[in-house]
Amino acid sequence: MKYDFSFLSVNAVGEAAEYARELFSEEIEMRAGYKPFEGGEPCVDLISDSSVSDKDTYIIEQDGSHIKITAQGIRGLIFGYSYFLRKCVFSSNKITLIRNIDGVYTPDKKIRGHQCGYRTIPNTYDAWGPDEYFRFYRDIMAFGCNTCEHIPGYDKDEKNPLMKYHPLELAARASELADKLDMDVSCWYPNSDNEDEETALAARRKVFETMPRIDVIFPPGGDPGEMDGDDFVKRCIAISKVLKSVKPNAEMWPSAQAPHSNITWPEDFMSEMEKLPDEITGVITGPNHAFLMDDLRRKLPAKYPIRFYPDITHNVRCEYPVHFDRDDWHYALASTLSRESINPRPTEYRLLHRLTRPYVVGSVSYSEGVNDDVNKAVWSDMDFFPEVSLYDTLCDYARFFIWQADAKKIADAILGLERNWEGDPAENPHIEHTLQIIESELEKAPALINNWRFVMMLFRAKCDMLVRRRRQFELELINEARCFAAKGDFDSARKELMTDYDGDYYALRASLGELADKLFEQIGMQLDVENYHASGWERGATLDTIDLPVTDRAWLLGRYEVADAMPEGEREAFLERVFNRNKIGKGEYYYSFAEYGFGVLGERQKGEFYMDYQGDRPEVNNGSIPMCMLKAFDNYTFVCKLAGFEPDTDYKLRITYKKNKYDMFDSFYIKANGTDIYRGKFFGGEKDEQFESEMLNDRFTCAVYDLPASVFENGCIALEIGEEHVGVVLSEFKIYKGE
C-alpha cells in the first residue's frame, strides 16, 4: 500500500526534535521544492524521549498518513526521518511513501562509520569545507552511521592548492559540527617514526584540546609507524592517559596493523595485550593486519572487542582488491580504472560483511573520497540491518540521493557497474546495457546532470565503454597484424597496428573531460593531477590512467622501433620472435597471471598472497611491457598442477620474476612432483639473455631450469616455487621442450 505525504506538516516535541524538524524540513524542500507546514495532515511528528533505550534506536508508529518518529535525541531522529525519506518517491510536488514503515529499529552493530580525513592524499575530502562535511555527515547518517573519522595529526603541516584550512583547524570545526548531530568522532592518529614519547604526547594533547569532540583515538600499528609491537601498546597506554585527562570519556582503540619490517610484531603486541591494560578499550583490524580476523579473535583477550577497518575505497594493491575472493579483475580495466576509481561493489562487500560480521562490534571504513559512495551506504545499512536486501538498499540509495530518477533503474545501473567489471570488457556486452540505462534516465530527467552521484555513475559507465571499445578495436587490429606477420609481411602488420580510432571513440573520450569538470565543481572530485590537483595518478586520477594500453598493440609497435635499428636479416627474425612470444608447441605449457587467472592452475594458493599489479603504473604500462606481465604474484609459495606433457621428454622451465633479489637468503626453491629442481640463492638456473633483453623490461628478470623426463608422472607435474622469509614474485612461466 502507498501513502500520500504531499504537502506534509512536520511537528516537533522536545528540543532535539525542534532541531531535527529544521533539518528534516531542509531535506523535504531540497526534494519537493517546498518546506513542510506545521499542523495538519498528512504529518510527521518528531518526538525526543529520554526513555528510548539508546541513542541509536528509533521508533516509527504509522497510522495511514500520520507518522510518529520517536528517539532519544537528535541522532536517532535523523536516523528515523531519513528512513522515511528512503522509502519516499518524489515526483514534482508529490511525495509518496511506498510502504508502511511502522516498527522499532535497533542497529545490529554498535559502531558504524566512515573515514573522511582532510589531508593532501584523498581524491575529494581535501577540497571540502565545513559545509561539505556537515552535508556528508547527514548523508551517511541516512544509512545509520553514528561515527565519522578524521585525521587531525597526520601531514598536519602539508597543504595543497585545494585546501582552504589548516588540517587541525578543519578537524576542530568538523568535530564541532559532528557534535551538533551527536555523531561520534574517531581520530586516525598514527605514530611518527621520528617522534619520542614526550614530543608525541605533547602534540596529541594539543589536538585533544583543540577538537571539541573526540570519542575514539585510533593509532595504527603500522602503515605508517615502525614501532615494535610491545612498545606500540605501551605508547598507546601513555596516549590514552593524556586523552582521558582532556576528554574523560574518550576511548583508545589501537590497530593490530603491523609494520612490514618487523616479523615479531604480532607476538610482541599480543604479549602486552595479555596484561589486560585498562587504558585500552578495544582493538581495530584492517589493511596490513598482523593477524587473520579469526586468529585475532582467538588470541586477543575477550575483554577487548574488535572494530573492523574495511578498505572499501581501493581496487588493486589493497586488502580487498576487486573480486577479492578470486583476484581476477581483468587487466584492461585494472590498468585504466586503477586503484581508486569510482567503484560501486555492492555484492562483493555484502560477501565481505557476511564473512566478518561475527567477529566485530562494528566498523569504520577506510575511505579516501566519494569514489566509494555506494559502498558506504551498502556497508552502513548492513551494519544496521545485517539481513537487509541488497536491492532494497540500492533502491533506498536512489530514492534518497537520486530522487529525480527511477529508483529501480538506478539500482539496476549500480549493479550493472559492478558487473561491468566481470571478465574481459571486450566480451562483456553488459557494459553497453549499463550505459544505456544511465543515459536513458538522464534523457528523461535532464536535471540529473546536476546531481554529482548520478554524474559519477555516468562517468564510470563511459569509462568502461571507452575501455571496451578500445580493446575490441585493438584486438581486431592485432589479429589482422598476426595474419600478415605469419606470412612474413611485417610492414603490413605494422601499418595495420597503426590504424587510428574513429570519431565516435574520440567523442566518447572527450565527454569524460566534460564530466570530470562537473564532478570537480559539484563535489571537489579530483580526476587528474594537472587540472584538478589529485595527489597522484593512483589517487582517483582516472583521466591520468584511462588511456593506458589495454592490449599488446603499444608493445608490438614499440618492438618495431627496436627492430628498425637492426640489420634486415636480424629484424625479421626478431619480429617473428616478438609475434610468437608466448607460442607453445604440442605438449608444452605457458601461463600468465594476467592472462589466465588462478582457475587453470588445478590447486588453490596457500596463505594470503598479494598481487603487485603493474598495469596502472604509467611508468611501466607504457608500451615497454606486454599485457601478460601486468600481474606480479607475491607470496611465500606458488603451486600448480599441470598435465599434458609428452612421455620420455626433457623439458625446460622458464620463469619471469620481478627483479627483487635478497642475496642474504639461500632458501629459494623449486620443486617438481616433490623433487628439488633448484634450491639456493635467488634465482639460480640459467640466464636466457636473449629473452630477457628482447621481451622484458628492466623491472623483470628470468631464469631457466631443467625439468628432466624423470620428474614427470605420466605427463603430469606439480610445481612448487617458494622462499620462507620474503617469498617470491613472479608473473609468468613457460614449460617447453629442451634441446
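The values are calculated or read from the model by the stated rules, or taken from the named source; none is laboratory data. Keep in mind that what you see is a predicted model, and the values were worked out from it rather than measured. Neighbour counts run over all protein chains shown; Cβ positions are idealised from the backbone, glycine included.
Overview of values
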| read-out | value |
| --- | --- |
| Residue check for Phe134: of a type outside the set (D, E, K, R), in a loop (DSSP other than H, G, I, E, B) and farther than 12 Å from Ile214 by Cβ | no |
| The one condition in (1) of a type in the set (Val, Ile, Thr); (2) over 35 Å from the mean Cα position of the chain (by Cα); (3) under 30 Å from Ala447 (Cα atoms) that Ile67 fails to fulfil | (3) |
| Residues of the stretch 685-720 satisfying the condition of being in a loop (DSSP other than H, G, I, E, B), free of Cβ contacts under 8 Å to residues at least 60 places away in the same chain and out of contact with any strand residue (DSSP E or B) (no Cβ under 6 Å at 6 or more places or on another chain) | Lys687, Asp698, Pro708 |
| The one condition in (1) within 25 Å of the chain's Cα centre (by Cα); (2) surrounded by fewer than 16 Cβ atoms within 10 Å (Cβ to Cβ) that Glu176 fails to fulfil | (1) |
| Residue count, the stretch 391-407 (criterion: assigned to a helix (DSSP H, G or I) and within 22 Å of Glu27 (Cβ to Cβ)) | 11 |
| Number of the exception - Glu561 against (1) under 25 Å from Asp698 (Cα atoms); (2) in contact (Cβ under 8 Å) with a residue 12 or more places away in the chain; (3) surrounded by fewer than 21 Cβ atoms within 10 Å (Cβ to Cβ) | (2) |
| Meets criteria (in contact with a Phe, Trp or Tyr (Cβ under 9 Å, 6 or more places away or on another chain) and either basic (Lys, Arg) or farther than 30 Å from Arg317 by Cα (or both)) for Ile284 | no |
| Single residue of the stretch 321-360 satisfying the filter (of a type in the set (D, E, K, R) and not in a loop (DSSP other than H, G, I, E, B)) that is nearest to Ala541 (Cα to Cα) | Glu348 |
| Scan of the stretch 516-537 for residues that are surrounded by fewer than 21 Cβ atoms within 10 Å (Cβ to Cβ) and assigned to a loop (DSSP other than H, G, I, E, B), ordered by number | Asp528, His533, Ser535, Gly536 |
| Residue identified as outside the structural domain of Gln472 (by TED's automatic domain parsing) and on the phi > 0 side of the Ramachandran plot among Ser365, Ser338 | Ser338 |
| Count of the stretch 205-233 residues which are over 24 Å from Ser363 (Cα atoms) and either part of a helix (DSSP H, G or I) or not assigned by TED's automatic domain parsing to the domain that holds Glu149 (or both) | 6 |
| Filter result for Ser363 (polar (S, T, N, Q), modelled with pLDDT of 95 or more, part of a helix (DSSP H, G or I) and surrounded by 17 or more Cβ atoms within 10 Å (Cβ to Cβ)) | no |
| Residue match in the stretch 599-614 (condition: touching a helix residue (DSSP H, G or I) at 6+ places or on another chain (Cβ under 9 Å), in a loop (DSSP other than H, G, I, E, B) and closer than 22 Å to Phe700 by Cα) | yes |
| Residues satisfying the stated conditions in the stretch 504-528, i.e. in contact with a Leu (Cβ under 9 Å, 6 or more places away or on another chain) and of a type in the set (A, V, I, L, M) | Leu508, Leu512, Leu515, Ala516, Leu519, Met525, Leu527 |
| Answer from Ser271, Ser261, Ser240 - the residue that is within 22 Å of Val364 (Cβ to Cβ) and out of contact with any Leu (no Cβ under 8 Å at 6 or more places or on another chain) | Ser240 |
| Residue under evaluation Asn635, criteria (1) out of contact with any helix residue (DSSP H, G or I) (no Cβ under 9 Å at 6 or more places or on another chain); (2) surrounded by fewer than 17 Cβ atoms within 10 Å (Cβ to Cβ); (3) in contact (Cβ under 8 Å) with a residue 24 or more places away in the chain, criterion not met | (2) |
| Selection count, the stretch 386-400, where residues are of a type outside the set (S, T, N, Q), under 24 Å from the mean Cα position of the chain (by Cα) and crowded, with 20+ Cβ neighbours inside 10 Å | 6 |
| Only listed residue being modelled with pLDDT of 95 or more and touching a Lys or Arg at 6+ places or on another chain (Cβ under 6 Å), chosen from Pro167, Pro130 | Pro130 |
| The stretch 662-684 residues that are on the phi > 0 side of the Ramachandran plot, paired with ones that are loosely packed, with under 15 Cβ neighbours inside 10 Å and part of a loop (DSSP other than H, G, I, E, B) (beta carbon under 8 Å, 6 or more apart) | Gly680/Asp666 |
| Residues (without any contact (Cβ under 8 Å) to a residue 40 or more places away in the chain and in contact with a helix residue (DSSP H, G or I) (Cβ under 7 Å, 6 or more places away or on another chain)) located in the stretch 6-28 | Val10, Ala12 |
| Filter result for Glu723 (touching a residue at least 24 places away in the same chain (Cβ under 8 Å), out of contact with any Cys (no Cβ under 9 Å at 6 or more places or on another chain) and surrounded by fewer than 17 Cβ atoms within 10 Å (Cβ to Cβ)) | no |
| Of the criteria (1) touching a Leu at 6+ places or on another chain (Cβ under 9 Å); (2) crowded, with 19+ Cβ neighbours inside 10 Å, which one Lys652 fails | (2) |
| Number of positions in the stretch 595-629 that are crowded, with 19+ Cβ neighbours inside 10 Å and touching a Ser or Thr at 6+ places or on another chain (Cβ under 7 Å) | 6 |
| Check on Tyr118, in the same structural domain as Ile312 (by TED's automatic domain parsing), surrounded by 21 or more Cβ atoms within 10 Å (Cβ to Cβ) and either in a loop (DSSP other than H, G, I, E, B) or hydroxyl-bearing (Ser, Thr, Tyr) (or both) | yes |
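Matching residues to (1) among the charged types (D, E, K, R); (2) over 19 Å from Ile625 (Cα atoms):
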position: Ala481; (1), (2): no, no
position: Ala486; (1), (2): no, yes
position: Tyr532; (1), (2): no, yes
position: Arg539; (1), (2): yes, yes
position: Thr542; (1), (2): no, yes
position: Ile546; (1), (2): no, no
position: Ala563; (1), (2): no, no
position: Phe574; (1), (2): no, no
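Yes/no per residue for (1) closer than 23 Å to Tyr320 by Cβ; (2) among the β-branched types (Val, Ile, Thr); (3) not assigned by TED's automatic domain parsing to the domain that holds Gln690:
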| site | (1), (2), (3) |
| --- | --- |
| Glu576 | no, no, yes |
| Tyr591 | no, no, no |
| Gly599 | yes, no, no |
| Gly607 | yes, no, no |
| Tyr610 | yes, no, no |
| Ile625 | no, yes, no |
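For (1) in a helix (DSSP H, G or I); (2) among the basic types (Lys, Arg); (3) at pLDDT below 95, each residue gets a yes or a no:
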{"residue": "Lys241", "(1), (2), (3)": "yes, yes, no"}
{"residue": "Ser261", "(1), (2), (3)": "no, no, yes"}
{"residue": "Pro266", "(1), (2), (3)": "yes, no, no"}
{"residue": "Ser271", "(1), (2), (3)": "yes, no, no"}
{"residue": "Leu276", "(1), (2), (3)": "no, no, no"}
{"residue": "Ile284", "(1), (2), (3)": "no, no, no"}
{"residue": "Arg297", "(1), (2), (3)": "yes, yes, no"}
{"residue": "Lys303", "(1), (2), (3)": "no, yes, no"}
